[in-house]
Amino acid sequence: MSENTNAKLERRARAVLDAFQAAGKMLTTAESCTGGMIAAALTDIAGSSAVVERGFVTYSNEAKAELLDVPPALIVAKGAVSMEVAVAMAEGALNHSHASVAVSVTGIAGPGGGSPEKPVGLVWFGLSACGKTTTHHEVFSGDRADVRRQATEKALALLLDGLSRLV
């Protein structure tokens, strides 16, 4: 990652931490394709423990089911990379934490695993707070590292935007 990319990610993470701290809210993450990068971006910053309650890395379908209560039948019916699973991951993260806001990420980082219906770069996001869950999806370009970095940046942006809309 370039210095500029690292600086951008740090600025965005710091903005999330500052906004959540000012609002007196805690957050949790439920990550699949980003493998903990969202939580890492936040916890790289001193004082993040005032905001980051916990993070779940649920890369496998079994982990999604066991740690977040994502129904295995939902994963079979809709696929791990779907709006419905992103919602279940975010809601499960809230239910298994003391946070007031959860962000979830599930996607296909590549280089393989894509299909015409779900191409490499497809990432679904869930944002849950106060009994409301919203979703967003993107199809990112680039290699695996690019997709994961862009998904991390987008998740941080969604957290920042969602704080004012959902809480």
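The values are calculated or read from the model by the stated rules, or taken from the named source; none is laboratory data. Source: prediction; values computed, not measured. Here the Cβ is made from the backbone with ideal geometry for all residues, glycine too, and neighbour counts use every protein chain on show.
Some notes on this structure:
- Breaking point among (1) at negative phi; (2) in contact (Cβ under 8 Å) with a residue 24 or more places away in the chain, for ASP161: (2)
- From THR28, THR5, residue being surrounded by fewer than 16 Cβ atoms within 10 Å (Cβ to Cβ) and either β-branched (Val, Ile, Thr) or under 18 Å from the mean Cα position of the chain (by Cα) (or both): THR5
Here's the yes/no breakdown for (1) aliphatic (A, V, I, L, M); (2) touching a Ser or Thr at 6+ places or on another chain (Cβ under 7 Å):
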{"position": "ASN4", "(1), (2)": "no, no"}
{"position": "ARG14", "(1), (2)": "no, no"}
{"position": "GLU53", "(1), (2)": "no, yes"}
{"position": "VAL57", "(1), (2)": "yes, no"}
{"position": "ALA65", "(1), (2)": "yes, no"}
{"position": "PRO72", "(1), (2)": "no, no"}
{"position": "MET89", "(1), (2)": "yes, yes"}
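- ARG11 vs. criteria of a type in the set (D, E, K, R), surrounded by fewer than 17 Cβ atoms within 10 Å (Cβ to Cβ) and within 22 Å of ALA145 (Cα to Cα): yes
- Filter result (touching a Ser or Thr at 6+ places or on another chain (Cβ under 8 Å) and either crowded, with 19+ Cβ neighbours inside 10 Å or in a helix (DSSP H, G or I) (or both)) within segment 151-167: ALA151, THR152, ALA155, GLY162, ARG165, LEU166
- Exclusive hit being of a type in the set (Gly, Ala, Ser), assigned to a helix (DSSP H, G or I), touching a strand residue (DSSP E or B) at 6+ places or on another chain (Cβ under 9 Å) and surrounded by fewer than 19 Cβ atoms within 10 Å (Cβ to Cβ), set ALA93, ALA40: ALA40
- Filter result for LYS78 (of a type in the set (Lys, Arg), touching a residue at least 24 places away in the same chain (Cβ under 8 Å) and out of contact with any His (no Cβ under 6 Å at 6 or more places or on another chain)): no
- Residue within segment 51-65 that is more than 28 Å from PRO119 (Cβ to Cβ) and assigned to a helix (DSSP H, G or I) present: no
For (1) modelled with pLDDT of 95 or more; (2) in a strand (DSSP E or B); (3) under 20 Å from VAL16 (Cα atoms); (4) of a type outside the set (Gly, Ala, Ser), each residue gets a yes or a no:
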site	(1), (2), (3), (4)
LEU67	yes, no, no, yes
VAL87	yes, no, no, yes
GLY110	yes, no, no, no
PRO119	yes, no, no, yes
GLY126	yes, yes, yes, no
HIS136	yes, yes, yes, yes
